[in-house]
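Inspection log for the structure reproduced underneath, given as C-alpha cells.
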Amino acid sequence: LERLSSINVLALDKTGTITTGRPEVVAIKGFDTDESAVLAAAAIAEKRSEHPLARAILQRAEDDGLEVGDAQSLTMKPGLGVEAETETGTVLIGNERLLAQNGIEMTKEALEYSKSHGLAMCSSWAGIRARNNYMSGGAIQ
C-alpha cells in the first residue's frame, strides 16, 4: 500500500476490477472438441483484428506453438464478434448473441460452465461449424 503513492495510472475495467491493462487468455474450455482446436479456430478468425481480445487470443496461440492459418473470408459483427470462413468450415467468435443469431444453441455443459465461472470471466465463445455440419465450440477466458 505504501507504494501506491508512486502510481500514475490505475486501470479498472467496467466492473471495477483491477487489471494490468492487457487482456490475457487464462483458460480455454472445449465442448465436444479439445482446447487446442478451439484456440486454433479462434486465432484464425481473430488474426486480422486489432481488438485487444483478439491480440490476447493470438498471443496465446503463439505461446502454445500453434500455427495460425488465414481465413478465406472474415466479417466483423459490431457488438457481437467475428465470423470467419476457413478451410474446415465457419468459425464464430464472440458473445452468446452472435451464436444464437447463427442458430448455435449453448449446450448444457456450456451453460453450466458459464454459470460456474461467471459470465464476466468468459470473454468469448467459439462456435465452430465444420463443412460436414458437425458443430463444436468452446469458451475462451
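The values are calculated or read from the model by the stated rules, or taken from the named source; none is laboratory data. Predicted model, so just to flag it, every value in this text is computed and none were measured. Glycine gets a Cβ as well: all are built from the backbone with ideal geometry, and neighbour counts include every protein chain shown. Only protein heavy atoms, including side chains, enter the accessible area calculation; ligands, DNA and RNA are left aside. Shrake-Rupley method; radii C 1.70, N 1.55, O 1.52, S 1.80 Å.
Overview of results
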| quantity | calculated |
| --- | --- |
| Filter result (closer than 20 Å to ARG60 by Cα and at pLDDT 75 or above) within region 102-136 | none |
| Answer from VAL9, VAL68, VAL25 - the residue that is touching a strand residue (DSSP E or B) at 6+ places or on another chain (Cβ under 8 Å) and among the hydrophobic types (A, V, I, L, M, F, W, C) | VAL25 |
| Residues of region 36-90 that turn out to be surrounded by fewer than 16 Cβ atoms within 10 Å (Cβ to Cβ) and assigned to a helix (DSSP H, G or I), as a count | 6 |
| Single residue of region 19-49 satisfying the filter (among the polar types (S, T, N, Q) and at pLDDT 80 or above) that is farthest from LEU74 (Cα to Cα) | THR33 |
| Subset tally (residues that are assigned to a helix (DSSP H, G or I), touching a strand residue (DSSP E or B) at 6+ places or on another chain (Cβ under 7 Å) and open to solvent by 30 Å² or more (accessible area, probe 1.4 Å)) for region 91-112 | 2 |
